[in-house]
Amino acid sequence: MMMECEMEAWISPNGDMSSIDLGYGSFGCSHYRRRCKIRAPCCNEIFDCRHCHNEAKNSLDVDPLLRHDIPRQDMEKVICSLCGTEQDVRQYCIQCGVCMGKYFCAKCKFFDDDVSKKQYHCNECGICRVGGEDNFFHCKKCGCCYSKLMENSHNCVEKAMHHNCPVCFEFLFDTMSDISVLPCGHTIHLECVKEMEQRLQYTCPVCSKSYCDMSSVWEKLDHEVASTPMPQMYQHKMVWILCNDCSEISEVNYHIVAHKCLKCKSYNTRLTQGGPSSCSPRIAQIVR
């Protein structure tokens, strides 16, 4: 009788809501809308989702030796949010019949009521992704799913997302945050890219290649170099430079402002032989 009363509370005024739709959109956490909780196989505790578990078990308040992530594939039990029945992982509750997630993946043991994300399971990634399967392709060399708009234009990097973000160090492969694929092929959180731009950093933190059009900056540096003559004793001094953008090695005249690549005309270079420093702080001033 108690169960019937609780279920009736979720039925719409016109009485047309079926039992599987009870509580739709009313349960979940900050990560997902879903009508079940999970029992973590690693610590036998109950959480709304694996992210809630990982945040709790990896907080600064937890002993570093006890911190851990949930092994999602090992999860075996879920608890219905409406009737509280604990059961094996499945989409529909065995007790009240409610759908615990409009989107359900038996492989990932994943539930989500917000199907507007267009979730799909990628067998090659081995996890569920969002955005619609028709809009993405799996690059076998990069080892991840990319937008089909990049299918014939991106630079492949072996296991491109199977590492930590080079700025914030969060693991990228299964992050919930938006990811940017730089022209060089390296991946980084979109928010981290924006933060780099706020700090006037326009090169990949992994390989140092420029990730945006810097031609206007190079033009300013051309004028700066031309208007800054070197003392007589340095006018014939030669140095070797490595271009971070095209990897060309060149011998050029030493200059206190910057050194220009002879091949691609970029000033994103570093001294390799014959000079006192690897870069000039003047470039950052020109960007400003």
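The values are calculated or read from the model by the stated rules, or taken from the named source; none is laboratory data. What you see is a predicted model; the values in this text were computed from it and never measured. Neighbour counts are summed over all protein chains in view; Cβ atoms, including those assigned to glycine, are modelled from backbone coordinates with ideal geometry. Accessible surface is based on the protein model in full, side chains and every heavy atom, while ligands, DNA and RNA are left aside. Shrake-Rupley method; radii C 1.70, N 1.55, O 1.52, S 1.80 Å.
Between 0 and 90 degrees, the angle of helix 215-226 with respect to the longest Cα principal axis of the chain falls at about 30 degrees. Computed over region 28-114, relative contact order equals 28 percent, with contacts defined as Cα pairs under 8 Å that lie 6+ residues apart. Note the listed values (i) 1.09; (ii) 1.44; (iii) 2.59, then indicate which one is Cα Rg over 2.2 N^0.38 Å calculated from this particular structure. Of the labelled values, this structure produces (ii). Put simply, the amide H of Cys36, placed in the peptide plane, has neighbours under 5 Å in Ser81, leaving out anything fewer than 5 places away on its chain.
Across region 62-77, rounded Karplus estimates of 3J(HN,Hα) from the backbone phi angles (6.51 cos²θ - 1.76 cosθ + 1.60, θ = phi - 60°) give 8, 3, x, 6, 9, 5, 6, 9, 7, x, 4, 5, 8, 5, 10, 10 Hz, Gly and Pro being marked x. The stretch between Ile94 and Ile79, if pulled fully straight at 0.36 nm per residue, gains 4.3 nm over its current Cα-Cα span.
For the chain, the solvent-accessible area of protein heavy atoms averages 57 Å² per residue (probe radius 1.4 Å; ligands and nucleic acids excluded). The HN-Hα couplings worked out from phi for region 265-270 by the Karplus form 6.51 cos²θ - 1.76 cosθ + 1.60 (θ = phi - 60°) are 6, 7, 9, 7, 10, 9 Hz, whole numbers, x standing for Gly and Pro. If R0 is 51 Å, the Cβ-Cβ spacing of Glu133 and Ser247 corresponds to a FRET efficiency of close to 0.90.
Neighbours of Ser215 by Cβ distance under 12 Å: Lys/Arg scored +1, Asp/Glu scored -1, total -2. The accessible surface of the chain, taken with every protein chain in place and a 1.4 Å probe, is 51 percent carbon and sulfur.
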